[in-house]
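Here is the structure we will look at.
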Amino acid sequence: MLDFLIHSPVEHYARLSPDRPAMACQGAEVTYGALDAASNQLANALIDHGLAPGDRVGIWMHKSLDLGTAIYGSLKAGGVFVPLDPFLPTERLAFILEDCGIRHLVTSDLLVGRLDAIDSGLRPDVFGPVHESSTSWDHVRSYPASHPGVRLIDQDLGYLMYTSGSTGEPKGMMHTHHGSVSYARWGALHVGLQSTDRVASHAPLHFDLSIFDFFSTAQAGGTVVLVPEPVTKFPASWTRYVQDERISVVFTVPYTLMEMLERGAMEQTDLSSLRWILFGGEPFPPKHLRSLMAALPDVRFTNVYGPAEAPSCTCYDVPPDFPEPVPIGTVSKNSVDLIVDENGDECGIGEEGELCIRSSTLTRGYWNRPDLNARAFLRRDSGGPFPHVYYRTGDVVVRREDGLLDFLGRRDRMIKTRGHRVELDDVELALGRQEGVVEAAVFAVPDGRGSRQIRAAVTLSGDVDPTELLQRLRAVLPGYALPAAIVPTKELPRTTSGKIDHRQLAADHSGAPS
Amino acid sequence: MSVETIRDFIRAEIVNDRSMDLAPDDNLLLSGILDSLAVFRLVAYLEETYEIEIPPQDVTLDHFATLAHIDAYVLSRRG
């Protein structure tokens, strides 16, 4: 199979098995044949509207069957697709449109009106909705369904993924066809995806898990089951959706799975179609993972680790008797790991250091950000004419005796307080283990004396006194690592991708402890 | 019946905009008004205000898509 471009498998299966379902959503399906034809039509429409190879195409849509057409149509036209959060505030949307120069945008009836609020100078050519000066899907379908014939190589960019930078400005990660296909093939092989698999697209498109959902599934000729955003907000609707759509594979964040366990009414749902759950994005609190594994004894679980810059670089198939914390496992076949200490020297077994990754999935860098690119990559002598380029993950790991890697936390989650180094994730884990604590988030705020103070927010089940929690923590943590305050809260703030928003917590709690 | 009360709660406590337009049939989810955190705050509010119990299996899209849906659901629980 000629599979060196992201969209190659769709073209392959459109020839081989055109009637197999490629995408499904709320009971409706689109076949590989229809997806390929519709994508060709969109590609031809984009080219007719001046799209040149390498141009960025914004995809600003909710989950719907048209999403596949938008992705593959952009790629077939030679475009670089830029997934945009449908819930993005207008200013942030305008920032991204300008930052990477999006002149073509695929969107929907529901969202197109919001474009009126942005500066007309940034206003891209719009595809999809029925709206003034927009090329509607009906109009797109009047274009020929023949292959647009754009020549691409696997080193060309396939997509640009924006994440919130630490400065608050989003930064766009450049990914090639080659890197995406490597990630997609890793996923398809690891899970043993087959054409009969129905893989959920639960994560938002602008989150790197979706690259697995869409492209690993396409590698196997399987079906991507799009999960509408409203369904993802209701654990009981989500478990029902898994049942009704007979979803077999899910890749999501621990939060979604914990919600499913707690409020998903799982015992009233037939989840027998599920065979594999992959999770990543943040550590899974072990006690909740154990409960989930007990509730779904026939499902396999994999902890996938990898920053969006080098997705899925390590993974760990979780056995029933897994150690705590859940290891991130071993490096994937398409990656090489290097753990370095503060001087750049390689760490041995048991020595903590920053994980650096060389991978065929590695980003080409950040769009228009030479400043970030200079810092993000580490060049090491390879012994040959070209240096090895590693991505500095900013994550601190340790290699265990058995060769598995343990994730210890973000480098920026390691703080100095009163001269002691404290790993906030350690404190968080210890607090999360306490009886009565559902979830814990530990963060640091300025203490007003040039140092930092540790604080915690917890969600509780039942009547637990924060003072008592502090007492219990005293038994397991050194005094300097104890939070100055533990604040019970109803819910912890989340980022759009479902991770605990520590930055938001720190901003909310930067005053004196109450 | 409860549409006004629920609308006030969403305006004041969730979107923080007391003058926001919100019709009974507006989709609260696709518009991004309700995220998963907001849903659970809303559930807690409804339980307290209307003295009802909302079991997890009832916290679904069908009951929370619009103000009208929520109103109908609350009514059915109180009935």
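Would you kindly identify the strands (runs of 3 or more DSSP E) lying entirely within the range A:248-331 that contain at least 3 residues that are in contact with a Ser or Thr (Cβ under 8 Å, 6 or more places away or on another chain)?
Numbers: elements: A:249-252, A:276-279, A:300-305, A:314-317.
Where strands (runs of 3 or more DSSP E) fall fully within the range A:248-331 and carry at least 3 residues being in contact with a Ser or Thr (Cβ under 8 Å, 6 or more places away or on another chain), they are A:276-279, A:314-317.
At least 3 residues that are touching a Phe, Trp or Tyr at 6+ places or on another chain (Cβ under 7 Å) in each: list the strands (runs of 3 or more DSSP E) lying fully within the range A:338-414 that qualify.
Numbers: elements: A:353-359, A:377-380, A:388-399, A:405-410.
Counting at least 3 such residues, we get A:353-359, A:377-380, A:388-399.
For residues that are of a type in the set (Phe, Trp, Tyr) and farther than 20 Å from residue A:241 by Cα, scanning just the range B:34-79, find the one that is farthest from the other protein chains (Cβ to nearest Cβ).
Among them, the one singled out is B:50.
Does any residue of the range A:160-169 turn out to be under 20 Å from residue B:32 (Cβ atoms), surrounded by 14 or more Cβ atoms within 10 Å (Cβ to Cβ) and without any contact (Cβ under 8 Å) to a residue 60 or more places away in the chain?
No, the range A:160-169 has no match at all.
Any residue that is more than 14 Å from chain B (Cβ to nearest Cβ), more than 19 Å from the chain's Cα centre (by Cα) and either of a type in the set (Asp, Glu) or closer than 30 Å to residue A:101 by Cα (or both) - is there at least one of those in the range A:189-211?
There is at least one residue in the range A:189-211 that is more than 14 Å from chain B (Cβ to nearest Cβ), more than 19 Å from the chain's Cα centre (by Cα) and either of a type in the set (Asp, Glu) or closer than 30 Å to residue A:101 by Cα (or both).
Only one of (1) away from chain B (no Cβ under 14 Å); (2) of a type in the set (A, V, I, L, M); (3) buried (at least 20 other Cβ atoms within 10 Å of the Cβ) is not met by residue A:258, so which one is it?
Only one criterion is unmet by residue A:258, namely (1).
Mind listing whichever residues of the range A:126-148 are at pLDDT 95 or above and surrounded by fewer than 17 Cβ atoms within 10 Å (Cβ to Cβ)?
Listed by number, the residues that qualify are A:136, A:138, A:139, A:141, A:142, A:144, A:145, A:146, A:147.
Residues that are aliphatic (A, V, I, L, M) and within 22 Å of residue A:370 (Cβ to Cβ): list the strands (runs of 3 or more DSSP E) wholly contained in the range A:156-210 that include at least 1 such residues.
A:157-164, A:170-176
Exactly one of these conditions fails for residue A:408: (1) open to solvent by 20 Å² or more (accessible area, probe 1.4 Å); (2) over 27 Å from residue A:256 (Cβ atoms). Give me its number.
Answer for residue A:408: the failing condition is (2).
Suppose we keep only residues that are buried (at least 20 other Cβ atoms within 10 Å of the Cβ) and of a type in the set (A, V, I, L, M) within the range A:1-23. Which one would you say is nearest to the chain's Cα centre (by Cα)?
A:6
For the range A:421-514, which fully contained helices (runs of 4 or more DSSP H) count at least 1 residues that are open to solvent by less than 10 Å² (accessible area, probe 1.4 Å) and more than 28 Å from residue A:279 (Cα to Cα)?
A:466-474
Among the residues in the range A:286-302, are any hydroxyl-bearing (Ser, Thr, Tyr), more than 22 Å from the chain's Cα centre (by Cα) and more than 9 Å from every other protein chain (Cβ to nearest Cβ)?
yes
Search the range B:11-25 for residues being assigned to a helix (DSSP H, G or I) and more than 14 Å from chain A (Cβ to nearest Cβ), and hand back the single one that is surrounded by the fewest Cβ atoms within 10 Å (Cβ to Cβ).
B:12
Does the range B:58-65 contain any residue that is over 14 Å from residue A:231 (Cα atoms), touching a helix residue (DSSP H, G or I) at 6+ places or on another chain (Cβ under 7 Å), among the polar types (S, T, N, Q) and surrounded by 18 or more Cβ atoms within 10 Å (Cβ to Cβ)?
No: the range B:58-65 contains no residue that is over 14 Å from residue A:231 (Cα atoms), touching a helix residue (DSSP H, G or I) at 6+ places or on another chain (Cβ under 7 Å), among the polar types (S, T, N, Q) and surrounded by 18 or more Cβ atoms within 10 Å (Cβ to Cβ).
If we scan the range B:37-48, do we find a residue that is open to solvent by 30 Å² or more (accessible area, probe 1.4 Å) and over 24 Å from residue A:256 (Cβ atoms)?
Checking the range B:37-48: at least one residue is open to solvent by 30 Å² or more (accessible area, probe 1.4 Å) and over 24 Å from residue A:256 (Cβ atoms).
Under the condition of being under 12 Å from the mean Cα position of the chain (by Cα) and modelled with pLDDT under 90, which residue from the range B:37-58 is farthest from residue A:63 (Cα to Cα)?
Among those that are under 12 Å from the mean Cα position of the chain (by Cα) and modelled with pLDDT under 90, it is B:41.
Report yes if some residue within the range B:26-33 is more than 14 Å from chain A (Cβ to nearest Cβ), polar (S, T, N, Q) and open to solvent by 20 Å² or more (accessible area, probe 1.4 Å); otherwise report no.
Taking the range B:26-33 as the starting set, the residues that turn out to be more than 14 Å from chain A (Cβ to nearest Cβ) are none.
Checked the range B:26-33: no residue is more than 14 Å from chain A (Cβ to nearest Cβ), polar (S, T, N, Q) and open to solvent by 20 Å² or more (accessible area, probe 1.4 Å).
The values are calculated or read from the model by the stated rules, or taken from the named source; none is laboratory data. Just so it is clear, the structure is predicted and the values come from calculations on it, not from any experiment. No Cβ is skipped: glycine too gets one built from the backbone with ideal geometry, and neighbour counts run over all protein chains shown. Remember, those area values only see protein heavy atoms, side chains included, never the ligands or the DNA or RNA. Shrake-Rupley method; radii C 1.70, N 1.55, O 1.52, S 1.80 Å.
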